[in-house]
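Written out below as structure tokens is the structure these notes cover.
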Amino acid sequence: MNRPLRLSFAIGFFFVLSATVALGEAGKVVFAVGDVAAVRGGSRVPLSAGSTIEAGDTIVTASQSHAQLRFSDDALVALKPDTEFRIERYNFAGRDDGTEIAVFRLVKGGFRTLTGQIGKLSGDRYQLLTTQATIGIRGTHYQVQICAPEQCMNGSEAARSGMYGAVYEGRIAVANAFGGDEFGVDELFYVPDGEAPIHWLVPPLFLSDKLKPRTSSAKAESGAAGFAKVPENEVNAAVPAPPFTYVATEDLNRFALTTGATILVGSDRDTLELDRSGDPSLRITVDAEERLTGFENATLVAALGAAAVVDAGRDDSPSGLNWGRWQGNGSTIAQRLGNDVVHNDGGNLHYIYGATATSLPGSGQVQYAAIGGTRPTDSGTGQAGTFLSGGTISVNFTSAQLALSGLAVGFPGATYTMGGTANIANGAFTTTGIGATGSCSGAGCQPLVASNFTGFFAGPGGAGIGLDYYFNTRTGGVIEGVAGYKQCPGGKC
């Protein structure tokens, strides 16, 4: 997960619309499986392969039914079961002449789409409306899913209500009355009901639902058989979903761990990565003391080399937390940014990993106290400071929220403190997109422009927590460190 400074902003969309947009053919159905229909005026029109769809239609798929639509600008839309998708406005004359427009409304359910010429040529004239937010695009491939309370299951647990999405190509802008943000390739987002859009860490399982095999009730008519399918890409997100593959090198002093885990790796210059078991691109190496010596996934490749591991610590409880920091010359860090690779030699890299969380409580409140962490580093000055206090993390499992308070780190003449709240999803949490509260006291303070933290639960019942925190300074530096936490006896610290 790249860590650019993100400032909240509102996004507006401007459309030059004619007083009326003529209803007419917008496209055709590529295929329809199960009960698929168009609500057109006061009528319900069954749809099958080759059926015409029109501006003003509401396309409805029943349970265990799905459909694929192709619009006249070559846009493809794959509708999931239990979806209601309305073509609010649509016009395309085959060219960019100022009359083209595509406005859709997702009332419920979800879909995946490859936008067509309207999105590519006139992105400001494409709009998706939902209850949670409005989406604008620029030539893209993305997916969205609206979840009512208790509707979407992420494994055995119901996901929070709201809108979830992922971007596979291009960029999208998501905005509502509470704020907005942009999301690019391999980024996930979540829009809670009544809240601003935020970046999401772990891809929900329901975004990659596989439809049960069924036989279509109609064959595609001649001329429609060549329609391309929406690619069946899996979400290749910055934070892939769960088994953690530890791979030993030929160095006999490096070992493979045998248990699943979640890991946070933060380079104080560039990147923050949260990864976990199941990501096929993930490779981890550790030494005899289980200190991190190598990390590789789809966006970061890092090797300890001749650098040293310092500030190392571990918790031998079921949380399995293990943390440390790379220091000195000799390490290599290569960050993949799209088609570009940014290489950095040396620098600090903080890490913390732990056993994969299992059986997290569904209710109740528990407090966690810090048990150790790395010395914070300042990428702007090159200094290593003092980890003064990890503070306390108070978790409300009933509302799936937590609050950090009292975290403090020190540098000469300056004490930086942080606190804030975050939502919990799939055993992870972050303030990215909403921000934490950071401050500094002392004559040596640097002006701060943002503060954030990201973390995960570890071990059975969430016995521990791994946390990465960072302060963005006005000069472009990052003050960063990691800390480990464990549940306080009786749940109270």
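The values are calculated or read from the model by the stated rules, or taken from the named source; none is laboratory data. This one's a predicted model, so the numbers in the text were calculated from it and none came from an experiment. Counting neighbours? That spans all protein chains shown, and the Cβs are built from the backbone with ideal geometry, glycine included. Just the protein is used for accessible areas: all its heavy atoms, side chains included, with ligands, DNA and RNA removed. Shrake-Rupley method; radii C 1.70, N 1.55, O 1.52, S 1.80 Å.
Could you list, in sequence order, all residues of the range 115-129 that are open to solvent by 20 Å² or more (accessible area, probe 1.4 Å) and either in contact with a strand residue (DSSP E or B) (Cβ under 7 Å, 6 or more places away or on another chain) or farther than 23 Å from Ile59 by Cα (or both)?
Lys120, Leu121, Asp124, Arg125, Gln127, Leu129
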Looking at the range 418-429, I want the residues that are outside any strand (DSSP E or B) and have a partner that is open to solvent by less than 20 Å² (accessible area, probe 1.4 Å) with Cβ atoms under 7 Å, at least 6 apart or on another chain. Which pairs are those?
Asn426/Val202; Gly427/Phe456; Gly427/Phe457
Count of residues meeting criterion [in a strand (DSSP E or B) and among the basic types (Lys, Arg)] in the range 57-99:
3
Within the range 78-94, how many residues are within 23 Å of the chain's Cα centre (by Cα) and among the small types (Gly, Ala, Ser)?
1
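With Ser389, Ser405 as the choices, which residue is open to solvent by 50 Å² or more (accessible area, probe 1.4 Å), closer than 30 Å to Thr475 by Cα, at pLDDT 95 or above and among the hydroxyl-bearing types (Ser, Thr, Tyr)?
Result of the check over Ser389, Ser405: Ser405.
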Among the residues that make up the range 62-77, is at least one of them under 23 Å from the mean Cα position of the chain (by Cα) and closer than 20 Å to Leu207 by Cβ?
yes
Taking Trp326 as meeting all but one of (1) in a loop (DSSP other than H, G, I, E, B); (2) closer than 20 Å to Arg283 by Cα; (3) modelled with pLDDT of 90 or more, write down the number of the exception.
(1)
Look through the range 338-380, keep the residues that are modelled with pLDDT under 85 and open to solvent by 70 Å² or more (accessible area, probe 1.4 Å), and return whichever of them is farthest from Glu157 (Cα to Cα).
Asp345
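Can you name every residue in the range 91-114 that is hydroxyl-bearing (Ser, Thr, Tyr) and open to solvent by 10 Å² or more (accessible area, probe 1.4 Å)?
Passing the criteria: only Thr99.
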What strands (runs of 3 or more DSSP E), lying completely within the range 437-489, carry at least 1 residues that are of a type in the set (S, T, N, Q) and at pLDDT 95 or above?
437-441, 478-487
